[in-house]
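The values are calculated or read from the model by the stated rules, or taken from the named source; none is laboratory data. For clarity, every value in this text was computed on a predicted model and none was experimentally measured. With ideal geometry, Cβ positions are generated from the backbone for all residues, glycine too; neighbour counts draw on all protein chains shown. For accessibility, only protein heavy atoms count, side chains too; no ligands or nucleic acids. Shrake-Rupley method; radii C 1.70, N 1.55, O 1.52, S 1.80 Å.
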Amino acid sequence: MRGRQRIEWVIAGLFAVTALSGVVLLAVYILGGQTQVEGILLGVALGSLGLGVVLWAQELMDTPIVIEERHPATSSPAEAADFQAALTEEAGFTRRRMLVGMLLAAFAGLGAALAIPVLSLGPAPGREQFTTSWRKGSRLVLGDGTPIHAGDLPVDSLVTVFPDDAIGVTDSQTLLIRVPPELLRLDPARAAWAPGGYVAYSKICTHAGCPVGLFRATERKLICPCHQSTFDVLAGAAPVFGPAGRPLPQLPIHMEPDGTFVADGDFPEPVGPSFWNLTSGGAG
Amino acid sequence: MTAARDRAPTTGTEPALAPTELDRLVGWLDERTGFARLARTVLRKVFPDHWSFLLGEIALFCYVILVLTGVFLTFFFAADTRPVTYQGPYPPLKGADVSAAFDSVMRLSFEVRAGLLMRQIHHWTAVVFVAAIVVHVCRIFFTGAFRRPREINWLVGVGLLLLALVAGLTGYSLPDDLLSGTGLRITDAVVTSIPFIGPWLAYLIFGGEFPSTELIGRLYVFHIMLLPALMIGGITVHLLILWFQKHTQYPGGQGRLTARETNVIGRHFWPGQVFRSFGLFLLISAVLAVLGGMVQINPVWVYGPFVSSAVSSPAQPDWYLGWLEGLLRIGPSLEPTVFGVTIPSLFGPAIVIPTIVFGAFTLWPFIEARATRDHNDHQILQWPWQAPVRLGIGAAALTFFIVLTLAGGNDVLAVYLRVGVEDLTAAARILVIVLPVAVGLVAWRLGVERGRQVDRERTPLEELESGS
């Protein structure tokens with residue numbers, strides 16, 4: 001009994017701690033609040049209350065171990081038969097097969113009609129998957145709208161550029177990279193797309209769509225920080241490591257007499273994460 | 001129904017007391033509703049006493065805390081992607097172009113009193129919530145608690161786990177910060193990668209090409225309405241089935257009582273179980289309150305607002321999606337085009353493998369029943385070593401998830417271990433196959449050995465019993 005009395009005092013003490021820390025928490029809040037102090041006070045209040053309640057249950061309550069019989073879940077045969085009779089016979093389902101069939105057809109038709117508004121949630125994917133804002137004549141500008149000039153960019157460095165009329169547009173973000181021109185190993189058909197060693201690739205990873213933000217200048221490789229897809233800048237941004245399955249599309253560009261860069265058209269392939277009909281050119 | 005002592009008045013040794021206010025209230029209600037009969041059954045229900053039965057309760061309590069803190073957050077959050085200029089008290093972002101959603105989270109974190117505490121408790125609780133579910137499901141799996149007649153509740157539980165994962169993803173995407181925006185971008189790419197229907201599906205979910213202005217509003221509806229409603233429905237069914245089927249129990253027994261397929265040994269729901277569970281709820285809340293106050297989580301002001309041409313690095317999702325991130329990182333660079341149909345390199349790692357893994361996990365009770373030809377009811381649990389093949393498969397699956405989760409943080413690990421991230425990826429591609437097989441075989445072997453050892457220890461005893 002003495003032990004029980006001591007435990008009673010301990011529990012009472014714990015409850016007192018809860019009451020006290022609750023009041024202090026209130027005071028802290030009123031005085032302006034402080035996240036860490038509030039968290040600790042709330043933790044102390046809840047914790048000592050919880051400890052008191054558990055101690056009460058463990059030490060002071062008579063909770064004998066008891067035994068209870070289980071009963072099989074299955075219904076008696078008579079109940080099951082009556083249920084089935086109620087389900088089918090009384091409603092006449094078994095006799096009116098045709099009517100039941102039509103009822104199900106009616107539900108199906110109505111269900112389809114009611115499900116259709118789901119399509120309002122989004123437009124059909126159309127040509128926009130295949131195109132960006134780049135057009136013949138788009139000037140390459142920085143995120144603040146200033147055109148980039150040849151010479152602004154040291155060799156083996158890069159900037160993010162946009163078309164001058166679509167600054168900040170997600171699908172048009174492009175990397176302009178300057179590399180030593182003699183090292184480039186582009187497809188011969190695209191040899192003219194790298195004026196003076198400047199190449200422009202889509203910045204959106206063809207794997208999962210993250211911006212390809214890392215450039216390893218010593219190896220001239222672009223690396224996507226999300227899943228480490230690695231693209232060889234010298235070889236037309238072909239994937240050389242990681243999960244990406246196709247190159248970053250290259251933007252055809254030329255240099256104007258004033259040293260700025262202008263696109264000769266949109267990317268020849270869809271930018272960003274691959275999808276099933278990307279080779280259809282948007283026809284399908 | 002229950003033992004005779006249930007009906008024995010507890011006041012046996014004391015003189016009968018005069019009716020109290022409580023007695024009168026109970027009488028008044030019972031005369032009108034007959035509720036005492038029902039309440040007695042509830043209070044007198046027998047609960048087996050084992051710590052591992054509390055794991056699911058922890059998940060339940062986390063759900064309650066999530067709803068309570070979540071309701072508070074809804075009063076301040078603006079599900080709106082319209083651009084505004086940040087003018088709050090956090091100096092580094094002063095004057096930055098942010099969305100109204102991000103701005104509201106900043107206000108909640110820096111200006112609303114106790115707002116940061118609530119936000120961090122909410123996030124920590126979500127992290128613990130999924131962890132509790134995962135540990136709970138491991139307990140169910142390794143002890144065979146999913147076996148007939150509890151297959152339905154296994155399915156309900158798997159559904160709840162899936163809902164919890166989606167709730168987590170939609171929740172941490174709401175602040176519209178750079179990290180969560182990256183997660184959404186990947187989600188969009190994953191949906192888009194499904195052949196034939198992918199682009200359509202992605203447009204339906206996201207409301208157009210990524211990043212659409214409708215997205216945050218939609219995620220919000222999912223996160224605070226649809227998912228919690230589905231979850232509370234699922235939890236109700238889960239608990240009702242548990243109630244009617246009664247708990248399983250571990251082999252053996254307690255005291256002189258022997259656990260059998262036909263009985264339940266434990267303590268009454270009231271008062272012991274209710275008090276213990278309530279105490280547990282308070283203790284869990286206490287831990288989460290301290291975590292929320294002391295340990296920073298998801299500091300969106302460090303990541304900054306979402307900008308579609310920027311990315312935060314390193315970028316890891318919350319822990320429970322780490323294995324998917326790992327799958328994406330170690331996926332092969334394979335993108336075949338057959339008859340004009342391209343299979344995106346994302347499709348296999350992000351859709352096919354998770355579908356197979358989650359599908360097998362979902363159907364496990366039926367797979368095991370078919371494989372072992374065991375279609376009997378089981379009320380007594382197994383110790384994990386009593387089903388060594390299951391033990392091996394479970395251990396292999398856990399290893400698979402752990403390797404993938406580590407691969408999902410390969411960039412962080414590479415810095416810690418001072419090795420190239422490429423080497424880690426190459427190693428993970430091998431380990432993700434080899435290690436689960438090895439661990440599974442070892443676990444299976446240990447299970448078999450333990451079974452033999454127990455058999456050896458038990459045999460003489462049983463012979464003694466039958467001989468006497």
Output the number of the condition that residue A:84 fails; it satisfies all remaining conditions of (1) open to solvent by 70 Å² or more (accessible area, probe 1.4 Å); (2) within 14 Å of chain B (Cβ to nearest Cβ); (3) among the polar types (S, T, N, Q).
(2)
Does residue B:176 count as touching a Gly at 6+ places or on another chain (Cβ under 8 Å) and farther than 17 Å from residue B:56 by Cβ?
no
Filtered residues of region A:22-51 (kept if crowded, with 21+ Cβ neighbours inside 10 Å, more than 7 Å from every other protein chain (Cβ to nearest Cβ) and over 21 Å from residue B:108 (Cα atoms)):
A:45, A:48
Residue that is nearest to the other protein chains (Cβ to nearest Cβ) [pool: residues in region B:272-304 that are more than 24 Å from the chain's Cα centre (by Cα) and open to solvent by 20 Å² or more (accessible area, probe 1.4 Å)]:
B:275
Of the numbered conditions (1) part of a loop (DSSP other than H, G, I, E, B); (2) buried (at least 16 other Cβ atoms within 10 Å of the Cβ), residue B:95 satisfies every one except a single condition; which is it?
(2)
Residue A:107 - would you say it is under 30 Å from residue B:222 (Cα atoms), open to solvent by 60 Å² or more (accessible area, probe 1.4 Å), out of contact with any helix residue (DSSP H, G or I) (no Cβ under 6 Å at 6 or more places or on another chain) and away from every other protein chain (no Cβ under 14 Å)?
yes
Whether any residue in region A:259-270 is within 19 Å of residue A:214 (Cβ to Cβ) and either in contact (Cβ under 8 Å) with a residue 12 or more places away in the chain or open to solvent by less than 10 Å² (accessible area, probe 1.4 Å) (or both) is what I want to check.
no
What's the total number of residues in region B:239-267 that are farther than 22 Å from residue B:154 by Cα and open to solvent by 20 Å² or more (accessible area, probe 1.4 Å)?
9
Just to be sure before I move on: is residue B:171 more than 7 Å from chain A (Cβ to nearest Cβ) and touching a residue at least 60 places away in the same chain (Cβ under 8 Å) in the structure I sent?
no
Those residues that are touching a residue at least 40 places away in the same chain (Cβ under 8 Å) and closer than 24 Å to residue B:230 by Cβ, I need them from region B:67-88; list them, please.
B:67, B:69, B:70, B:72, B:73, B:74, B:77, B:79
Can you tell me which residue in region A:172-193 is most open to solvent (accessible area, probe 1.4 Å), limited to those that are touching a helix residue (DSSP H, G or I) at 6+ places or on another chain (Cβ under 8 Å) and in contact (Cβ under 8 Å) with a residue 24 or more places away in the chain?
A:185
What is the number of the single condition among (1) open to solvent by 20 Å² or more (accessible area, probe 1.4 Å); (2) more than 11 Å from chain B (Cβ to nearest Cβ); (3) over 19 Å from residue A:230 (Cβ atoms) that residue A:168 does not meet?
(2)
So, in region A:93-125, how many residues would count as being outside any helix (DSSP H, G or I) and either farther than 23 Å from residue A:83 by Cβ or touching a residue at least 24 places away in the same chain (Cβ under 8 Å) (or both)?
4
Is at least one residue of region B:226-237 closer than 27 Å to residue B:136 by Cβ, without any contact (Cβ under 8 Å) to a residue 12 or more places away in the chain, among the small types (Gly, Ala, Ser) and within 9 Å of chain A (Cβ to nearest Cβ)?
no
May I ask you to list the residues in region B:322-339 that are open to solvent by less than 40 Å² (accessible area, probe 1.4 Å) and facing chain A (nearest Cβ under 7 Å)?
B:328, B:329, B:331, B:335
Of (1) more than 9 Å from chain A (Cβ to nearest Cβ); (2) within 27 Å of the chain's Cα centre (by Cα), residue B:349 satisfies every one except (1)
Of everything in region A:194-235 that's open to solvent by 10 Å² or more (accessible area, probe 1.4 Å), under 18 Å from residue A:263 (Cβ atoms) and under 27 Å from the mean Cα position of the chain (by Cα), which residue is farthest from the other protein chains (Cβ to nearest Cβ)?
A:204
Report the residue count in region B:99-126 for those that are more than 14 Å from chain A (Cβ to nearest Cβ) and over 21 Å from residue B:285 (Cα atoms).
8
With respect to residue B:59, determine if the residue is within 27 Å of the chain's Cα centre (by Cα), modelled with pLDDT of 95 or more and open to solvent by less than 40 Å² (accessible area, probe 1.4 Å).
yes
Here are some residues: B:108, B:116. Which one is within 18 Å of residue B:296 (Cβ to Cβ), open to solvent by 20 Å² or more (accessible area, probe 1.4 Å), modelled with pLDDT of 95 or more and outside any loop (DSSP other than H, G, I, E, B)?
B:116
Within the set of pairs 6 or more residues apart or between chains, which connect a residue that is closer than 12 Å to residue A:51 by Cβ inside region B:273-296 to a residue that is in a helix (DSSP H, G or I) and among the acidic types (Asp, Glu) with Cβ atoms less than 7 Å apart?
B:280/B:57
Pairs please, first residue from region B:42-57 and more than 20 Å from residue B:253 (Cβ to Cβ), second anywhere and open to solvent by 50 Å² or more (accessible area, probe 1.4 Å) and at pLDDT 95 or above, Cβ atoms under 7 Å, 6+ apart in sequence or on different chains.
B:55/B:135
Restricting region A:262-282 to residues that are under 19 Å from residue A:237 (Cβ atoms) and outside any loop (DSSP other than H, G, I, E, B), which is farthest from the other protein chains (Cβ to nearest Cβ)?
A:264
Within region B:193-204, considering residues that are facing another protein chain (nearest Cβ under 7 Å) and among the hydrophobic types (A, V, I, L, M, F, W, C), the one surrounded by the fewest Cβ atoms within 10 Å (Cβ to Cβ):
B:196
Going through B:389, B:419 one at a time, which residue ends up being open to solvent by 40 Å² or more (accessible area, probe 1.4 Å) and within 30 Å of residue B:53 (Cβ to Cβ)?
B:389
So residue A:68, is it assigned to a helix (DSSP H, G or I) and either facing chain B (nearest Cβ under 8 Å) or open to solvent by 60 Å² or more (accessible area, probe 1.4 Å) (or both)
no
Hey, does region B:127-141 have a residue that's free of Cβ contacts under 8 Å to residues at least 40 places away in the same chain, more than 14 Å from every other protein chain (Cβ to nearest Cβ) and either touching a helix residue (DSSP H, G or I) at 6+ places or on another chain (Cβ under 7 Å) or farther than 15 Å from residue B:299 by Cβ (or both)?
yes
